[in-house]
Amino acid sequence: MKITVVGTGYVGLVTGTCFANTGNTVACLDIDPQKVETLQQGEAPFFEPSLSELMTRSIEAKRLVFTNNKASAYENADIIFICVGTPTGIDGRCDTSHVLQVADDIASHVADCNSQPIVIVKSTVPVGTTHKVAERLRGTCAVANNPEFLREGNAIEDFMRPDRVICGIEDDDAKRVLTKLYGPFVGQGRPLLMFDIRSSEMVKYASNAMLACKISFINEISSLCERNGANIDNVRTGMCSDNRIGTQFFRPGLGYGGSCFPKDTLAVIEMGEDANAPCLVNTAVHEINKRQREWFVDRILGHFDYCVKGKKIALWGLAFKPRTDDVRDAPAIDIARTLLSAGAEVTGFDPEAWETFQQEVPDIEIAMDMYSALDGADAVVICTEWSQFSAPDFEQVKALLNSQVIFDGRNIYTPEDMRELGFQYYSVGRPTMEICAT
Ligand code: UGA
């Protein structure tokens, strides 16, 4: 099939590359000529495991091209995927203007060329947006919604072997085309579910809202554990052994960040306000997530009696989660900014996200390896659970730190182990370990 993908951000680039990999001919359209040039070399503009290799393979096989020429991108397309951004606007609402602009572009192309591509909205959009796209196309093309469920750092795997594919689609011919397109990715317990368009749009938000809710829920219970002398590890294990509760997205820590959960939770709250059906759970989820970071940074400041002027604090992990260089809404940003404005010297290390982080927080000093970040530091704060932090050389850590203090925002160590190793150890929802008197 001949596919055009509009927007080469995270979703568009992964979608285009994976469809090209199954034999389709894909043109990825982006308005940024510099980005297009980089992409043509097989270089992804962000870090995502396996993506560049797959891109290069499809570019060499001439199944994947990148362009900023709308006419050539839309020419003869059987399917056009709209994958442009839907950021939170200045009024706090999901801004769908880029999606609607692409719909207008497609409408004028269709009018000029008399073609009839299927237009699929993959961007995350509030309920009703796909119908607005259909209105802009004035009935000339079949329109569908097809949300993505890709996790950064696992995006290729999630696309190739999805738990499910959701399509909001109401046109029978288009249903047949999408069934064929997704054939290589579904089956063997991975369903292709076709619903009405509005339900499909809602599935996307409801899924992210549910996952965000699990995270805020376990973080709220963590706070209760701390105040009541319980240990969240035991409480979590006890809860998760009930199959109805399950284990995933139930890790306590600094809360969620990234480009999706924070934005989508807010969009659900806005949708509720617009529909006069306030989303009370989602409002609490958002508040708890905000509070979690504030509470953790307060704990760091509290350790230093709220006087960190001249103290050196090391951050391990800057990305919003491991296996990405994305720092959007990363807890490390709030933590670094608060510490810097309180007068601390902050040094950070991240295997991938150091450059993106420094653009956000220019005053941070970046260390090029995890140990040199600790040199002379008064404490280390673990903000992201990169695997290389899970079993460091603790003797070296101790030797480098000025005081043996660890703030573990991701609960990657065991409190008892840390006490034995001689650290003062703070984590989330578990007892704080004081240094053993020798
Ligand atoms: C998320 C969803 O998982 C994808 O299904 C969805 O397609 C995507 O948003 C999107 O809407 O585009 P992503 O933002 O890449 O994917 O990251 P996740 O792996 O879901 O993690 C989100 C945040 O939750 C991270 O900050 C992570 O540290 C945090 N988290 C996750 C926890 O704090 N605790 C957990 O137990 C799990």
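The values are calculated or read from the model by the stated rules, or taken from the named source; none is laboratory data. From a predicted model like this one, the values you see are computed outputs, not experimental measurements. Every residue, glycine as well, gets a Cβ built from its backbone with ideal geometry; the counts of neighbours run over all protein chains shown. With ligands, DNA and RNA removed, areas are computed over all heavy atoms of the protein, side chains included. Shrake-Rupley method; radii C 1.70, N 1.55, O 1.52, S 1.80 Å.
Of the residues that make up the stretch 184-199, is at least one over 25 Å from the mean Cα position of the chain (by Cα), of a type in the set (Gly, Ala, Ser) and within 30 Å of GLU270 (Cα to Cα)?
no
Kindly indicate whether any position in the stretch 103-114 is within 16 Å of the ligand (Cβ to nearest atom) and at pLDDT 95 or above.
no
Under 7 Å between Cβ atoms, at least 6 apart or on separate chains: pull out the pairs that start in the stretch 300-326 with a residue that is within 16 Å of the ligand (Cβ to nearest atom) and end on any residue that is basic (Lys, Arg).
Note: pairs meeting the criteria are PHE320/ARG328.
Please determine whether any residue of the stretch 239-249 is part of a helix (DSSP H, G or I) and open to solvent by less than 50 Å² (accessible area, probe 1.4 Å). Full working, then the answer.
Residues of the stretch 239-249 part of a helix (DSSP H, G or I): 239-240.
Filter once more, so that each one left must be open to solvent by less than 50 Å² (accessible area, probe 1.4 Å): 239-240.
Yes, that holds for at least one residue.
Just to be sure I understand, how many residues within the stretch 381-429 are surrounded by 23 or more Cβ atoms within 10 Å (Cβ to Cβ) and more than 28 Å from ASP326 (Cα to Cα)?
Result for the stretch 381-429: 1.
Can you name the residue in the stretch 327-344 that is of a type outside the set (A, V, I, L, M) and assigned to a helix (DSSP H, G or I) and is also farthest from the ligand (Cβ to nearest atom) among such residues?
SER341
Is it the case that the stretch 76-91 has a residue that's without any contact (Cβ under 8 Å) to a residue 24 or more places away in the chain and open to solvent by 60 Å² or more (accessible area, probe 1.4 Å)? Even if it seems obvious, please write down each step before you answer.
Of all residues in the stretch 76-91, those without any contact (Cβ under 8 Å) to a residue 24 or more places away in the chain come to 89-91.
Now restrict to residues that are open to solvent by 60 Å² or more (accessible area, probe 1.4 Å): 90-91.
Within the stretch 76-91, one or more residues are without any contact (Cβ under 8 Å) to a residue 24 or more places away in the chain and open to solvent by 60 Å² or more (accessible area, probe 1.4 Å).
Could you look through the stretch 304-350, keep only residues that are polar (S, T, N, Q) and open to solvent by less than 30 Å² (accessible area, probe 1.4 Å), and pick out the one that is nearest to PHE47 (Cα to Cα)?
If we take residues in the stretch 304-350 being polar (S, T, N, Q) and open to solvent by less than 30 Å² (accessible area, probe 1.4 Å), then THR324 is nearest to PHE47 (Cα to Cα).
For the stretch 217-249, enumerate the residues that are more than 10 Å from the ligand (Cβ to nearest atom) and either assigned by TED's automatic domain parsing to the domain that holds GLY128 or hydroxyl-bearing (Ser, Thr, Tyr) (or both).
Listed by number, the residues that qualify are SER222, SER223, THR237, SER241.
Given the structure, is VAL297 part of a loop (DSSP other than H, G, I, E, B), open to solvent by less than 50 Å² (accessible area, probe 1.4 Å) and away from the ligand (no atom under 13 Å from the Cβ)?
no
Sort out which residues of the stretch 92-111 are among the hydroxyl-bearing types (Ser, Thr, Tyr) and surrounded by fewer than 16 Cβ atoms within 10 Å (Cβ to Cβ), and write them in order of number.
SER97, SER108
Restricting attention to the stretch 250-279, which residues are part of a loop (DSSP other than H, G, I, E, B), within 14 Å of the ligand (Cβ to nearest atom) and open to solvent by 20 Å² or more (accessible area, probe 1.4 Å)?
The answer is ARG251, SER259, CYS260.
So which residues in the stretch 351-371 are crowded, with 17+ Cβ neighbours inside 10 Å and assigned to a loop (DSSP other than H, G, I, E, B), if there are any at all?
Across the stretch 351-371, the qualifying residues are PRO351, GLU352, ALA353, VAL361, ILE364, ALA367, MET370.
Being closer than 26 Å to SER72 by Cβ, within 16 Å of the ligand (Cβ to nearest atom) and touching a residue at least 24 places away in the same chain (Cβ under 8 Å): is that true of VAL99 here?
Yes: the conditions hold for VAL99.
Which residues, counting only those in the stretch 169-201, are buried (at least 21 other Cβ atoms within 10 Å of the Cβ) and within 16 Å of the ligand (Cβ to nearest atom)?
Scanning the stretch 169-201 gives SER200, GLU201.
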